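For reference, the structure is listed below as structure tokens.
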Amino acid sequence: MTGPGPDGGPVHPQLLRPRRGVERTTSTELFFDLVFVFTITQLSHYLSEDLTWRGAGRTAVLLGLIWLVWIYTVWAGNWLLPDRAPVRATLLVVTLGSLLLAAALPTAFGVNGLLFAVAYAAVQVGRTVFSLWAIRGEPWLGDSFRQCVVWVAGTGTLAVVGGLVDTPAREVIWIAVIAVDAIGLATGFPVPGLGRSTPEHWEVEGGHLAERCQAFILIALGESILITGGTLTQRLDGVTIAAFLLAFAGSVALWWVYFDRAQAVMAALAAAGERAGRLSRLVFNYLHPVMVAGIVVTAVGDERLLHAPGEPVGWAGALVVLGGPALFLAGHAAYQTVLRHPGVAARAAAALLLMALTPVAVALRAPVALAVGAALLVTASVIVADWMSGRGTPQSRGPRSPER
């Protein structure tokens, strides 16, 4: 179709996703996700090699920018049909740009800052401009994309400016990119003369967004297993194997906490109607990166566990070993709160307990393995609390894959 129909409908209706319940993730979207396996690995290595407050802050900034690339691509895939040739070609170009971002990530605050920034701006602006073209004629959504293009062009330009200057100005400018984007999304990307976008007009398929973000959580958890598995292959002795099993159990516990009631989340968002846009904006754009950050930090702690399970944790070690799961649980508590799901108190209490144990572990010079074991027990207590509160319901049957 080359023009709008007699009813003034979309110019390219064949590029738009149909609304037939939960829209499943396509192979094109999964191929795009593969790049982020590498990206999360890069982030973990970056933090592991600079385990200082500066390194943690820079890792958070890089994760924030990477998340913006991924989540906005996911939103585009919520409206567009990835298996159509123009959309697929665009997603492949975005995949290539994301790979350049990941490659430049270790030196983004050094010699490759400009490459990182240009790749970021090109992906964000290019994908948004294509999406605006693809949804032409679609009422309400078209207005939203016109406003979004203006904001994305502004934040993309700001990112490039950050790539042109040295640190610490680069850090400040890239933080501003994330903050401006968050403000724009929260306020509906207001533009003089165009007004602002409202979530009720976004025609969101919440179940699809939930499934996509579940896939990213799996990517982050899989990266943790890759790191510990790679370390294990270097030293296959009894102590290292025991440490690996402890780290693996920790990954399983985080997975269980998140996925135990994942199907209920998908069902709730799929049935949210006009509220789906507002809910999705909060839980996916703002809260999921907190949980991903918790998994990345935990992976760094697991790496320490395999290298030196008997060494005293110290402040840096305690903050990654105990603070990583605490960050994840805090993010998941907020997630459950927004969706009005049970288990908030158990998660919040567990996160607070883990943070309270941090100075205790340092003062007692607890071995890394003991601190990891304590984190596992606290996380497992959340699973037990969920099981106790859900006994006799279908949800008590255990986690389900987002692909089911």
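Details
- Checking Arg212 against (1) closer than 30 Å to Asn112 by Cβ; (2) of a type outside the set (A, V, I, L, M, F, W, C); (3) open to solvent by 10 Å² or more (accessible area, probe 1.4 Å), the condition it does not meet: (3)
- Restricting the first member to segment 290-303 and to residues that are among the hydrophobic types (A, V, I, L, M, F, W, C), and the second to residues that are not in a helix (DSSP H, G or I), the beta-carbon pairs closer than 9 Å and six or more apart or on different chains are Val300/Leu51.
- Every residue from segment 213-237 that is small (Gly, Ala, Ser) and either farther than 13 Å from Phe36 by Cβ or at pLDDT below 85 (or both): Ser224, Gly229, Gly230
- Within segment 18-51, being more than 24 Å from Gly97 (Cα to Cα), of a type in the set (D, E, K, R) and either touching a residue at least 24 places away in the same chain (Cβ under 8 Å) or open to solvent by 40 Å² or more (accessible area, probe 1.4 Å) (or both) holds for Arg19, Arg20, Glu23, Arg24, Glu49.
- Single residue of Ala56, Ala89, Ala76 found to be assigned to a helix (DSSP H, G or I), over 24 Å from Thr167 (Cα atoms), small (Gly, Ala, Ser) and modelled with pLDDT of 95 or more: Ala89
- Candidates Ala253, Ala243, Ala276 - the one that is among the hydrophobic types (A, V, I, L, M, F, W, C), modelled with pLDDT of 95 or more and crowded, with 18+ Cβ neighbours inside 10 Å: Ala253
- Segment 101-134, subset part of a helix (DSSP H, G or I), of a type in the set (Val, Ile, Thr) and over 19 Å from the mean Cα position of the chain (by Cα), residue surrounded by the most Cβ atoms within 10 Å (Cβ to Cβ): Thr128
- All conditions but one from (1) without any contact (Cβ under 8 Å) to a residue 12 or more places away in the chain; (2) at negative phi apply to Pro367; the one that does not is (1).
- Residue in segment 261-270 that is of a type in the set (Val, Ile, Thr), assigned to a helix (DSSP H, G or I) and modelled with pLDDT under 90 present: yes
- Check on Thr157, among the hydroxyl-bearing types (Ser, Thr, Tyr), modelled with pLDDT of 95 or more and surrounded by fewer than 18 Cβ atoms within 10 Å (Cβ to Cβ): yes
- Matching option when the condition is touching a Ser or Thr at 6+ places or on another chain (Cβ under 6 Å) and aliphatic (A, V, I, L, M), among Val152, Val118, Val123, Val111: Val152
- Residue check, Leu62 at pLDDT 95 or above, closer than 27 Å to Val180 by Cβ and touching a Leu at 6+ places or on another chain (Cβ under 8 Å): yes
- Among the residues of segment 160-194, just one is modelled with pLDDT of 90 or more, open to solvent by 50 Å² or more (accessible area, probe 1.4 Å) and of a type in the set (Gly, Ala, Ser), namely Ala186.
- Among residues of segment 319-367, those that are under 24 Å from the mean Cα position of the chain (by Cα) and either basic (Lys, Arg) or assigned to a helix (DSSP H, G or I) (or both), counted: 31
The values are calculated or read from the model by the stated rules, or taken from the named source; none is laboratory data. Everything quoted here is computed from the prediction, not taken from an experiment. We place every Cβ from the backbone using ideal geometry, glycine too, and count neighbours over all the protein chains shown. These area figures cover heavy atoms from the full protein model, side chains too; ligands, DNA and RNA do not enter into them. Shrake-Rupley method; radii C 1.70, N 1.55, O 1.52, S 1.80 Å.
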